[in-house]
1. Can you sort SER127, SER221 by how many other beta carbons sit within 10 Å, fewest first?
2. Where does helix 59-75 land angle-wise versus the long Cα axis of the chain, in degrees 0 to 90, nearest 10?
3. Quick one: if you stick a label point 7 Å off each Cα along the C-beta vector at ILE82 and LYS146, how many nm between them?
4. 222 nm [θ] for the chain, helices only, -39500 (n - 2.57) per DSSP H run of 4+, per residue, to 500?
5. Give me the dipole magnitude in Debye, nearest 20, for the stretch 152-226 about the Cα centre, with unit charges on the beta carbon: positive for Lys and Arg, negative for Asp and Glu.
6. Give the long-range amide H neighbours of HIS195: residues separated by 5 or more places, or on another chain, with amide H under 5 Å away, using H modelled in the peptide plane at 1.01 Å from N.
7. Which one, ILE132, SER176, GLY103, is farthest towards the positive end of the dipole of the stretch 53-195 when Lys and Arg carry +1 and Asp and Glu -1 on their Cβ?
8. Output the peptides 79-92, 197-210 sorted from most to least packed, where packing is the average of other Cβ atoms within 10 Å over each peptide's residues.
Amino acid sequence: MKKLSWVLVFVCVFALLTGCSQTAAPTTSAASSAVQSKAAVTFPQREITLVVPYNAGGASDMISRIIAKGMEDALGKPVVIINKAGGTGGIGMSYVAGSNPDGYTMCFAPVELVMHKVLKLSDLEPSQFNFIGKASSVPCALTVPKDAPYNTIQEFIAYAKANTGKIRVGNSGTGSIWHVAAAALETNQGLQFNHIPFEGGAPAVTALMGKHIEAVTVGISEVIAGIDAGKLKMLAVFTDKRVPLYPDVPTLKESGIDVAVGSWGTFAVAKGTPDEILNILSAALEKAANTEEFKTFITSKGMIVDYVNAKNTKTFVDDQFKFFTDFLSKMNLGK
């Protein structure tokens, strides 16, 4: 009888231990979630890379550098800028889209992201990213050398009509928003420009100041230095309202030209980045975009502070993707 009792005790203890072991062992899914949650709690543990898909000195670069500083202060870790220019922003954005979705590699994702696919520049599209927010908008300006033989947009158009194909207009790359701006003006007024692509707005402005081209359609921030130096003059802005920094410069619309084209800047990471990490990055971006330093800097460069949270940025970018897919499919963007 005693022998039977010990056997029963052994069986019961074994069953209890086995049950506890089975209860404690998490499923693969639960273990994965736990790892992600732990990663989010400790994120970031090292420096974060912010890829700018254009050369240093342009609007995208300037915006990214001041945002990087603000995010660095919020996150307590360095946010390092890397410029990866080429392919109308495609090289830098593709690099980030293909990076490890761990939050340590971000990119400045400009309006060109929603234009690549329709222009057959690359297979890039918004679905390859998770957006952490939008920070700014960048007005476009038609700018020429100070001693150019035209002082108004009307005189420029008259000159362009009398010199078909001879005006070289610099932009930040074939298919870029600044190329689209010039092409929109060209189409609206029945002109023919010679479009000259550069790897960013800054190199285009350098060429203009060296008088290698006759005009540029780029962000206002990229021509301020040349205007302040007395080497350039702004003929018109491609906005609905005049820009406060240059109140004397007319818009195309008030000059009777129904064209309004501008750029915007969002920040994104590779698709699949855990929500916990996205939330941390989004909160840091919001803080950076709402600092007085950022607001003062953006305003002083003729740009517009335009912060939008992560959820609304995704909606905005998706809407822009649909708009530009339709708009650009009807335009002739040949050089």
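What follows draws every value from the coordinates through simple rules; no lab data is involved. None of these values were measured; they are calculated from a predicted model. Virtual Cβ from ideal backbone geometry, glycine too; neighbours counted across all protein chains shown.
1. SER127, SER221
2. Computed tilt is about 30 degrees.
3. 4.0 nm
4. After summing the helix terms and dividing by residue count, I get -13500 deg cm²/dmol.
5. Here the stretch 152-226 has a charge dipole of around 180 debye.
6. VAL169
7. After comparing all options, I get SER176.
8. Packing proxy ranking, top to bottom: 197-210, 79-92.
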